[in-house]
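The values are calculated or read from the model by the stated rules, or taken from the named source; none is laboratory data. Source: prediction; values computed, not measured. Here the Cβ positions follow ideal geometry from the backbone for every residue, glycine too, while neighbour counts run over all protein chains shown.
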Amino acid sequence: MQAEQEDHLKSEQEHSNGGLHPLFSSEDGDIVLGSKDRVLFRVHSYTLKTTSGWFRAMYSLPQRSATVTDVPPETIFVDEDSATLEGLLRMVCGLPVPRLDSYDIIEPILHAAEKYDMPGPMSIVRALVMTPPLLAEPLRLYAIACRYGWQDEAMLASRYTLTLNLHAPEFRSTLQKLSTDALLNLFQLHRTRREALRKRLDDPPFVNDNGDTSCSNCGSLVDYHTWRELKYVIIMEMDARPLGDTVVNPGLLEWPAARACWAAKCINCDRVLYDKTLTMRVIRECIEQLPTTIDPLPPPYPPPILPRGASI
Ligand SMILES: [Zn+2]
């Protein structure tokens, strides 16, 4: 589905055909679109009218007399750069689609597709956003999915964000692009996982701060500060990486707080205080049962957006 690399490179070269893009220079095109960087795309108005609500509306307005046949087609300059316009026109004209493997490529295309009310390009990008290069930045995927109301993609992207610490400074600019609802839903997912595990660690078989705890072997009171410290480290890890995978491994196997806990013994009878195998199993099971995505939202997900006029 992706275009050949040569096509991609070609678009970046100087166009010698009177400024016309070589893929869009057909003589019988009756409209010319000019990109922000002055590349011209000669296309058929029929294509634009049938694929774009914006152009359909524009052509519903009174047009220049159709009896005049020898005038050059009118040129409409738009806000998009040539790479974005090329991508959009390739999709609506049935040409090989450009490489859609980075957010710097797909974001302007989506923006333009929304502006010109072009559901075709929007659907093509949507079909490709779950591919590895884009999944590698789940927070940006989440932002786009929420922005355009793609609920399934938003839910999946939210799952992929669980490896991220949303409080890290590098994510601030992406989080700022989210709607309040989208942002709160994501924070809720991350917090719910941490809090659910924290609560579980206070329930049996774990000891908690309510009342004294005695050695299961000799019955003497035990000091369980090692477990309290490990619990703290577990929660801090869940806060930074809510997926929880690193809690089980290497956390409970290698953290100094974990080693101290597994080594702790009753000062009276010298029996180990904590069952490492049971503790690890219960924590792993709890993490596996935590919610993994944001909750589905009732439609409509985003507010309806009115297309903005292009510069003419
Ligand atoms: Zn004891």
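Structure summary
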| read-out | value |
| --- | --- |
| Subset of region 101-135 [of a type in the set (A, V, I, L, M, F, W, C) and in contact with a Ser or Thr (Cβ under 8 Å, 6 or more places away or on another chain)] | ILE109, ALA112, MET118, LEU134 |
| Qualifying residue in region 237-259 (condition: within 16 Å of the ligand (Cβ to nearest atom) and either acidic (Asp, Glu) or touching a Ser or Thr at 6+ places or on another chain (Cβ under 8 Å) (or both)) | no |
| Pair list, Cβ < 7 Å and 6+ apart or interchain, from region 210-227 residues that are in the same structural domain as ARG259 (by TED's automatic domain parsing) and at pLDDT below 85 to residues that are more than 11 Å from the ligand (Cβ to nearest atom) and not charged (D, E, K, R) | THR213/VAL207; THR213/TYR224 |
| Neighbours by Cβ (under 6 Å, 6+ apart or cross-chain): first from region 154-178, basic (Lys, Arg); second surrounded by 14 or more Cβ atoms within 10 Å (Cβ to Cβ) and part of a helix (DSSP H, G or I) | LYS177/ALA143 |
| Residue ID - nearest to ALA257 (Cα to Cα), chosen from residues in region 209-229 that are of a type in the set (A, V, I, L, M, F, W, C) and within 9 Å of the ligand (Cβ to nearest atom) | VAL222 |
| Lone unmet requirement of (1) at pLDDT below 95; (2) of a type outside the set (D, E, K, R); (3) away from the ligand (no atom under 16 Å from the Cβ) for ASN268 | (3) |
| Residue check, THR84 touching a Leu at 6+ places or on another chain (Cβ under 8 Å) and part of a helix (DSSP H, G or I) | no |
| Count of region 144-202 residues which are in contact with a Cys (Cβ under 7 Å, 6 or more places away or on another chain) and not aliphatic (A, V, I, L, M) | 2 |
| Residue, nearest to TYR59 (Cα to Cα), within region 123-147, restricted to residues that are surrounded by fewer than 18 Cβ atoms within 10 Å (Cβ to Cβ) and of a type in the set (A, V, I, L, M) | ALA127 |
